[in-house]
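Visitor: Here you go, one structure.
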Amino acid sequence: MADTPEPPVDALRPVAGGGLLHRRALLTRGLVLASASAAIPRAAAQAAGPEPSLAIDPSPPWMHTPGRAFTVYGQPSRYEQQVIRRISGNRMLPGNGVSLTPLEELEGIITPTGLHFERHHNGVPEIDPARHRLLIHGRVKQALSFGVDDLLRYPLRSHLVFLECGGNSNAGWHPEPIQRTVGSFHGLISCSEWTGVPLALLLDEAGAESRAGWAIAEGADAFAMNVSLPVAKLRDDAIVALYQNGERLRPEHGYPLRLIVPGWEGVLNVKWLRRLQLTDQPLMARNETAKYTELQADGTARMFTFVMEVKSLITSPSHGQRLHGPDFYEISGLAWSGRGRIRSVEVSADGGHSWAEAALQDPVLPRCLTRFRAAWKWNGRPAVLKSRATDETGDVQPERTALIAQRGSNGYFHYNAIVSWAVDDEGAVRHVYA
């Protein structure tokens, strides 16, 4: 049966407090579409000066001289050099730390490979692919070793999925709201197309035993990361990735092989994969005991959390940006869930007292970033913007107070609470708890 069409609506009539409009306003030709504005970085707003002339330059200089020659590998325009990752590292050990994706500078859902977040414990190894091998052993009928060329002969599968560090957004646990741009606060998430060999094929070829419920994955860097994963998940949708966004993996993202476990926390997607040992119990390694285990309010320990819960955040307007005055604006952001597709995203402009459904931009894929948009008529008075996502399993993104009530105040990982941005009467945007 065909879907029942939505009844006609007045696209310019607010449907929630604070001036939020119906999501169909984004499709309306005319006033909203023609005049919708975007928030701009505060520094850019201060430097912009007077409004530019609407007249087109009749003869710009670049139309009179030949352009530059071909290059063997494309690079961004020199006018976009400010779009970079923020690095937070260990001064005593430069190879230990993170680089964060500048989410507020990007559009769509795909993260350019050069801006994909990174987390390293002991630097990026330079691995010779001709010498690298993947060993599958333990509770199997026969141990097998695969070279890179061997794996390239298998049928390949692609997953368009997000990858999120379990520690992403952890500053949200702080008692006071941190004042940073979206990317430097929430930028340990990125989305790529990963292509590789379904791990189920390799496990079947090795003859995995029925009692082998766990696999210990190990990386080939100087940290020698070890993590435990349920074999059932590896059989379901995990791949041994050789490509990212159409090209061979880069060293910082696991070249020549990495494990991709869709929807699960980033640490489990082991880079520079060299070994999978099948066993009947988890390893209880450092990153499963000293890390990624959290004491709860009732005294129990939360561990083996695996799935990244439903989450969303508004990337524009957001901290550090400024609205130029009362006008129509497009609110834009990202939503995701490790449990499947995003079913809906609601947006509030009055601190959560009322909500309006945002438009989801196609494609809406399972375990993938989803772009949402909402039309907003700002009246120039203070406002608080929020987004709230619901996934296809019915899980709803919680308020910060509810998350802390459930998990206690000792949290560090898996922070997925609703994020609030306050807009003052001058259009400046900052992070608040509301």
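The values are calculated or read from the model by the stated rules, or taken from the named source; none is laboratory data. All values derive from a computational prediction rather than experimental measurement. In this analysis, Cβ positions are derived from the backbone assuming ideal geometry, glycine residues included, and neighbour counts consider all displayed protein chains. Keep in mind that these areas ignore ligands, DNA and RNA; they rest on the heavy atoms of the full protein, side chains included. Shrake-Rupley method; radii C 1.70, N 1.55, O 1.52, S 1.80 Å.
Visitor: Scanning for something at pLDDT 95 or above and either part of a strand (DSSP E or B) or open to solvent by less than 10 Å² (accessible area, probe 1.4 Å) (or both), does the range 279-298 turn up at least one residue?
Guide: The answer is yes, given that some residue of the range 279-298 is at pLDDT 95 or above and either part of a strand (DSSP E or B) or open to solvent by less than 10 Å² (accessible area, probe 1.4 Å) (or both).
Visitor: Taking the range 167-210 as the region of interest, how many residues are farther than 20 Å from V231 by Cα, in contact with a strand residue (DSSP E or B) (Cβ under 9 Å, 6 or more places away or on another chain) and part of a loop (DSSP other than H, G, I, E, B)?
Guide: Qualifying residue count for the region: 10.
Visitor: Report whether or not D327 is in contact with a helix residue (DSSP H, G or I) (Cβ under 7 Å, 6 or more places away or on another chain) and surrounded by fewer than 21 Cβ atoms within 10 Å (Cβ to Cβ). Steps first, please.
Guide: Details: in contact with a helix residue (DSSP H, G or I) (Cβ under 7 Å, 6 or more places away or on another chain): yes; surrounded by fewer than 21 Cβ atoms within 10 Å (Cβ to Cβ): yes.
Judged against the criteria, D327 is a match.
Visitor: Which count do you get for residues in the range 86-104 that are out of contact with any strand residue (DSSP E or B) (no Cβ under 8 Å at 6 or more places or on another chain) and open to solvent by 80 Å² or more (accessible area, probe 1.4 Å)?
Guide: 3
Visitor: Also, I was wondering about something else. Using the structure shown, decide if L134 is closer than 30 Å to L188 by Cβ, at pLDDT 95 or above and open to solvent by less than 30 Å² (accessible area, probe 1.4 Å).
Guide: Working: closer than 30 Å to L188 by Cβ: yes; at pLDDT 95 or above: yes; open to solvent by less than 30 Å² (accessible area, probe 1.4 Å): yes.
Considered against the rule, which asks whether it is closer than 30 Å to L188 by Cβ, at pLDDT 95 or above and open to solvent by less than 30 Å² (accessible area, probe 1.4 Å), L134 comes out as yes.
Visitor: Okay, next question. Could you check the range 360-378 and list, in sequence order, the residues that are assigned to a strand (DSSP E or B), aliphatic (A, V, I, L, M) and open to solvent by 30 Å² or more (accessible area, probe 1.4 Å)? Spell out the reasoning first.
Guide: Keep residues of the range 360-378 that are assigned to a strand (DSSP E or B), which gives 360, 370-378.
Okay, now just the ones that are also aliphatic (A, V, I, L, M), so 360, 374-375.
Scanning the range 360-378 gives a single hit, L360.
Visitor: Oh, and also: Take the conditions assigned to a loop (DSSP other than H, G, I, E, B) and open to solvent by less than 60 Å² (accessible area, probe 1.4 Å) and apply them to V83. Does it pass?
Guide: Taking the combined requirement at face value, the residue satisfies it.
Visitor: Yes or no: the range 415-432 includes at least one residue that is open to solvent by 40 Å² or more (accessible area, probe 1.4 Å), among the polar types (S, T, N, Q) and either free of Cβ contacts under 8 Å to residues at least 24 places away in the same chain or not in a strand (DSSP E or B) (or both).
Guide: Initial filter on the range 415-432 (open to solvent by 40 Å² or more (accessible area, probe 1.4 Å)): 424-426, 430.
Among the residues that remain, those that are also among the polar types (S, T, N, Q) are: none.
For the range 415-432, residues open to solvent by 40 Å² or more (accessible area, probe 1.4 Å), among the polar types (S, T, N, Q) and either free of Cβ contacts under 8 Å to residues at least 24 places away in the same chain or not in a strand (DSSP E or B) (or both): absent.
Visitor: To continue, here is another question. Can you find, within the range 171-194, the residue that is farthest from V310 (Cα to Cα) among those that are among the aliphatic types (A, V, I, L, M) and buried (at least 20 other Cβ atoms within 10 Å of the Cβ)?
Guide: If we take residues in the range 171-194 being among the aliphatic types (A, V, I, L, M) and buried (at least 20 other Cβ atoms within 10 Å of the Cβ), then V182 is farthest from V310 (Cα to Cα).
Visitor: From R339, R343, which residue is surrounded by fewer than 21 Cβ atoms within 10 Å (Cβ to Cβ) and more than 28 Å from G18 (Cα to Cα)?
Guide: Criteria check complete, one pass: R339.
Visitor: I'm trying to understand the selection: among the residues of the range 107-119, which are open to solvent by less than 30 Å² (accessible area, probe 1.4 Å) and either at pLDDT below 95 or among the hydrophobic types (A, V, I, L, M, F, W, C) (or both)? Please lay out each step first, then the result.
Guide: In the first step, residues of the range 107-119 are kept if they are open to solvent by less than 30 Å² (accessible area, probe 1.4 Å); the result is 108-109, 111, 113, 115-118.
Of everything in the range 107-119, those that are open to solvent by less than 30 Å² (accessible area, probe 1.4 Å) and either at pLDDT below 95 or among the hydrophobic types (A, V, I, L, M, F, W, C) (or both) turn out to be I109, L115, F117.
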